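The values are calculated or read from the model by the stated rules, or taken from the named source; none is laboratory data. Worth saying up front: this structure is predicted, and the values here are computed from it rather than measured. As a convention, Cβ positions derive from the backbone with ideal geometry for all residues, glycine included, and neighbour counts pool all protein chains shown.
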There are 2 protein chains.
Amino acid sequence: MPEQDAKIRLFVDAPLGPDAAVPLGRDAAHYLASVMRLGVGARIKLFNGRDGEWLAELAEAGKRNAIAVCRDALRPQAPCPDVWLLFAPVKRTRTDFIIEKAVEMGVSRLQPVFTRRTASERIRTDRMQTNAREAAEQCERLDLPEAMDGAPLVSVLAGLGDRRIMFCDERGGARPAADALRDAGPGPWAVLIGPEGGFAPEEAEMLRARPGAVPVSLGPRILRADTAAVAALTVWQSTLGDWA
Amino acid sequence: MPEQDAKIRLFVDAPLGPDAAVPLGRDAAHYLASVMRLGVGARIKLFNGRDGEWLAELAEAGKRNAIAVCRDALRPQAPCPDVWLLFAPVKRTRTDFIIEKAVEMGVSRLQPVFTRRTASERIRTDRMQTNAREAAEQCERLDLPEAMDGAPLVSVLAGLGDRRIMFCDERGGARPAADALRDAGPGPWAVLIGPEGGFAPEEAEMLRARPGAVPVSLGPRILRADTAAVAALTVWQSTLGDWA
């Protein structure tokens, strides 16, 4: 049963293990049977965030109900690094992109934050969860990030404990991100991406005064929020995360 | 005439210099007068890729014709680092994103390449130029990248001379991008982003065999082409470019 046959990869809630029968739910059944035209015996990959990745075989492949039976363990469970993305929601398409990219970049938590200049306070947690699951299925992650409800920046900061936080300081003069992170060292981190209009002066002041907050520069050009999210997480993963 | 008054930033072809009168063209006139409702005396920023950035004042602000007169030099001309992005076009929205992000990330040339598995061979150079100009206006760049017509990968590689090329090697085992780039050192570079389906085996072989080609890893997760473009350029700018 060669692994490369299985191109489809699904996140499920059920336990995975030798010969475990996994009900796939109506949406997945429709996708497998009606969209992808898979039948009984077809192979897919499953993960649930706890039991690693499994090669499974369809034992039922109806349009409303499907069951997959686990055959071979492909990869043991491994955590993503402990880095959260705190981001101010922007326009819907770009927010969707931020979520997709953050999942590919391996964040462990997605936390929308409302700042003084946040353009949109409407962010649907269920939409964020769906997007995050689809991105995780595509990018070969073994887990999903936690998708949190949006909350004001001050409340989120109050709940961070001693988790360090990297943020782009637009005043200029901040150190290059890679240097600043290398000096600050590993541990639990959050990456904060502000709104398109930047932080309000009192927010920037609060961030600079916070112990464990690390102001960084992401180069001489102005990056949009979605670009900045990928760039900041790239530097973090390259310097302190699992890219090294 | 405080600089912060001028929120709009436009690329023009005309020379810029003390008291230079700059005709802005019909699209820009419409945007300034009808969309942004600016009148005579309003301030904008101008750049042309040669003469730095200038604060200018509208001397005419008609809906079809506008003229700006340069007042103060804001920044001297400075080049972006010599890094090209070679990318296989993907779906239109994602190709638009790749172009926007590449401009923000400071590439000096945009070169679409057609590979064995490139899904779309339709890429409009004029659309790419328009997107690149808009991104440059927004991100505070002082120049535009060259937007090249799409060409087959082999022809593009043949024209690279001894320019080094960084590409993601999907076989596994490639070195982390930051380490590989640091060892390879500065100079003219190209970053190559393959199609969603990856390079064909003979293309990957050709790349690995090429002198000056540096295979790199961008971490353990599978990145989409647009994510990979931002991530690869982030590592390049952090390690060898103008983020340091």
In the stretch B:1-27, which residues are closer than 16 Å to residue B:64 by Cβ and either at pLDDT below 95 or in a loop (DSSP other than H, G, I, E, B) (or both)? B:24, B:25, B:26, B:27
Cβ contacts < 8 Å: first residue at positive phi, restricted to the stretch B:44-69; second residue basic (Lys, Arg) and not in a loop (DSSP other than H, G, I, E, B), any location; separation 6+ or different chain. Result? B:52/B:75
Within the stretch A:139-146, identify whether any single residue is within 14 Å of another protein chain (Cβ to nearest Cβ), without any contact (Cβ under 8 Å) to a residue 60 or more places away in the chain, in a helix (DSSP H, G or I) and not charged (D, E, K, R), and answer yes or no. yes
Among the residues of the stretch B:158-174, the number that are touching a helix residue (DSSP H, G or I) at 6+ places or on another chain (Cβ under 8 Å) and modelled with pLDDT under 95 is 5
Is there a residue being within 14 Å of chain B (Cβ to nearest Cβ) and surrounded by fewer than 22 Cβ atoms within 10 Å (Cβ to Cβ) anywhere in the stretch A:116-125? no
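Every residue, every condition in (1) within 14 Å of another protein chain (Cβ to nearest Cβ); (2) over 24 Å from the mean Cα position of the chain (by Cα); (3) not in a helix (DSSP H, G or I), yes or no:
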{"position": "B:154", "(1), (2), (3)": "no, no, no"}
{"position": "B:165", "(1), (2), (3)": "no, no, yes"}
{"position": "B:187", "(1), (2), (3)": "no, no, yes"}
{"position": "B:191", "(1), (2), (3)": "yes, no, yes"}
Just for the stretch A:154-174: of the residues that are buried (at least 17 other Cβ atoms within 10 Å of the Cβ) and free of Cβ contacts under 8 Å to residues at least 60 places away in the same chain, which one is farthest from residue A:109 (Cα to Cα)? A:174
Checked the stretch A:150-176 for anything under 20 Å from residue B:178 (Cβ atoms) and touching a Leu at 6+ places or on another chain (Cβ under 6 Å); matches are A:168
Looking only at the stretch A:193-212, which residues are in contact with a Lys or Arg (Cβ under 9 Å, 6 or more places away or on another chain) and either within 13 Å of chain B (Cβ to nearest Cβ) or surrounded by 24 or more Cβ atoms within 10 Å (Cβ to Cβ) (or both)? A:194, A:196, A:197, A:198
Kindly evaluate residue B:186 against the criterion of being touching a residue at least 40 places away in the same chain (Cβ under 8 Å) and buried (at least 18 other Cβ atoms within 10 Å of the Cβ). no
Flagged in the stretch A:221-237 as touching an Asp or Glu at 6+ places or on another chain (Cβ under 8 Å) and surrounded by 24 or more Cβ atoms within 10 Å (Cβ to Cβ), in numbering order, are A:227
Could you grab me the full set of residues in the stretch B:213-236 that are more than 8 Å from chain A (Cβ to nearest Cβ) and under 13 Å from residue B:169 (Cα atoms)? B:213, B:214, B:215, B:216, B:228, B:232
Residue list for the stretch B:83-97, filter: buried (at least 16 other Cβ atoms within 10 Å of the Cβ) and either in contact with a Pro (Cβ under 6 Å, 6 or more places away or on another chain) or of a type outside the set (D, E, K, R) (or both): B:83, B:84, B:85, B:86, B:87, B:88, B:89, B:90, B:95, B:97
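Residue-wise test of (1) acidic (Asp, Glu); (2) more than 18 Å from residue B:82 (Cα to Cα).
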| position | (1), (2) |
| --- | --- |
| B:161 | no, no |
| B:166 | no, no |
| B:169 | yes, yes |
| B:174 | no, yes |
| B:178 | no, no |
| B:190 | no, no |
| B:215 | no, yes |
Going residue by residue through the stretch B:124-135, is there one that turns out to be touching a residue at least 12 places away in the same chain (Cβ under 8 Å) and on the phi > 0 side of the Ramachandran plot? no
